[in-house]
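Heads up, the thing below is written out as structure tokens.
The values are calculated or read from the model by the stated rules, or taken from the named source; none is laboratory data. Just so you know, these numbers come straight off a predicted model, no measurement behind them. No Cβ is skipped: glycine too gets one built from the backbone with ideal geometry, and neighbour counts run over all protein chains shown.
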Amino acid sequence: MASRQFSVLGRRVLLGVGATTVAATITLQNRKLHLDGSAQIPSSKKLSIYPAPEPEILLIETHSELEQNIGKIREAATSAYFNARAKLQSEVNGWIEVEGAVEKKVKELIAPDEPLSPGILYVGVTTLTGSVITRNRSFPVRFLVPTTFLMLSLPFFLPKTSHNLNEYISDLEAHYFPAVAEQHAALGRAVSSARESLEAFYHSSNKAVREGVHNAEGKIQEYTGIKLQEPSGGSKKE
């Protein structure tokens, strides 16, 4: 029994001595490595002195199908609005240019040697007279009569200004309404031709009447012996 206890105690002593020896050996080696500076901590196990960077968060914007459709409709409506606005502005600018050109041209059409007063006053009174005369008539008559009075009185009281205004209206009509201008030109040619034909007919008829009267006087003088013609061609009853 005593030998067994001695054996166990001896093992414990040996284990303690061995552990102490190993610990002392490791301690001496660590001190030596620390003094020599030959031992370094692996870089993978070093701790950084700076804070770790925060991971970057990337946000991706996504739209639903309804939002995409609404966006397309809004873009189409905006485009249509701006196109209509640009077209309307273009039309307005065009009319403003036409109005300015007409105003400038009217100022140029007024004859400098022909005062508007009192001629324009007479034209207004004449036109107003036509309106007063036809105040109880039908609408076509109330429109045509004052217009006719205006067209007849303007060349009479303001002949130069009326001529310039007619020339300008003809040029403007030929530029903007060529078809209407062609019809007016054809009507003017027809009226001019009819007037020339009427004048020619009048002169030829007058000549024929005079020749007929002259021949009749000659026949009467020949058969009756009454002298109706003078040597100068005049007629005189004895």
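Here Arg74 meets the list (1) surrounded by 10 or more Cβ atoms within 10 Å (Cβ to Cβ); (2) of a type in the set (D, E, K, R); (3) not in a helix (DSSP H, G or I) almost entirely, failing just condition (3). For region 140-158, the set of residues classified as of a type in the set (Phe, Trp, Tyr) and in contact (Cβ under 8 Å) with a residue 24 or more places away in the chain consists of Phe157 only.
Within region 80-129, track down each residue that is closer than 22 Å to Leu165 by Cα and either in contact with a helix residue (DSSP H, G or I) (Cβ under 7 Å, 6 or more places away or on another chain) or basic (Lys, Arg) (or both). Lys104, Lys105, Lys107, Leu109, Ile110, Ala111, Glu114, Gly119, Tyr122, Val123, Thr126, Thr127, listed by residue number. Checking each residue in region 96-139 for being touching a residue at least 40 places away in the same chain (Cβ under 8 Å), part of a loop (DSSP other than H, G, I, E, B) and of a type outside the set (Asp, Glu) picks out Ile110, Ala111, Leu116.
Just a yes or no: is a residue in region 114-126 acidic (Asp, Glu) and under 24 Å from Tyr176 (Cα atoms)? Taking every residue of region 114-126 in turn, none turns out to be acidic (Asp, Glu) and under 24 Å from Tyr176 (Cα atoms). Checking region 173-190 against the condition returns no match, with no residue being of a type in the set (Val, Ile, Thr), modelled with pLDDT of 80 or more and assigned to a helix (DSSP H, G or I).
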